1. Taking region 26-41 as the search range and keeping residues that are buried (at least 16 other Cβ atoms within 10 Å of the Cβ) and out of contact with any helix residue (DSSP H, G or I) (no Cβ under 8 Å at 6 or more places or on another chain), which one is nearest to L119 (Cα to Cα)?
2. Looking at region 59-88, which of the residues that are assigned to a strand (DSSP E or B) and surrounded by 14 or more Cβ atoms within 10 Å (Cβ to Cβ) is nearest to the chain's Cα centre (by Cα)?
Amino acid sequence: MTFTGVSKLLLITCVVFAILVRANSAISGPPLPNPVLYMIGIEVYQTGGKQFIRYEYDVSNKSDYPADMFAASPNLPPCGKNTKASRTWVDFYTESGKRLYGFCALGKPADLNGIWFSLEIDVVPPSYVYIELTDRQTNTKYKSNLAETTP
């Protein structure tokens, strides 16, 4: 079997492409896991003459996320007046998908310990909530498990 000039060029192109794809996947590493959310407690507090319950959570696998995901990112759109909002934002949702609260300035993965949402004391909480980490640089969302709202 002999190769023509075009065949050789096609073979070389395929080999180079395969090497580049393999090298790129090795650099980017394995995909990140979804967050594992769990409740750590509740806190009753008062502000503005009203009583609230703060539902406090942690992410058990927070150390699986790289620090640069939470770095200040002034090159991305601001969070209100905060022009140094973090690259990754964290939002709480009810099990039916209604947004409850969010964080746009966590500085490191360890800050996922102590995230929360609050409701007025007489409001019945949803049975379950989940969070989404939104990496605004890569347009990637990481959705957690459903976590209970009762301690």
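1. Only one residue tops the list, namely M39.
2. To start, the set of residues in region 59-88 that are assigned to a strand (DSSP E or B) comprises 59, 72, 79, 82, 86, 88.
Filter again for surrounded by 14 or more Cβ atoms within 10 Å (Cβ to Cβ), leaving 59, 72, 79, 86, 88.
Details: V59: 11, A72: 15, C79: 16, S86: 11, T88: 6 Å.
Looking at residues that are assigned to a strand (DSSP E or B) and surrounded by 14 or more Cβ atoms within 10 Å (Cβ to Cβ), I get T88.
Bear in mind that the values in this text are calculations on the coordinates, not laboratory data. These numbers were taken from a predicted model, which means no experiment stands behind them. Counting neighbours? That spans all protein chains shown, and the Cβs are built from the backbone with ideal geometry, glycine included.
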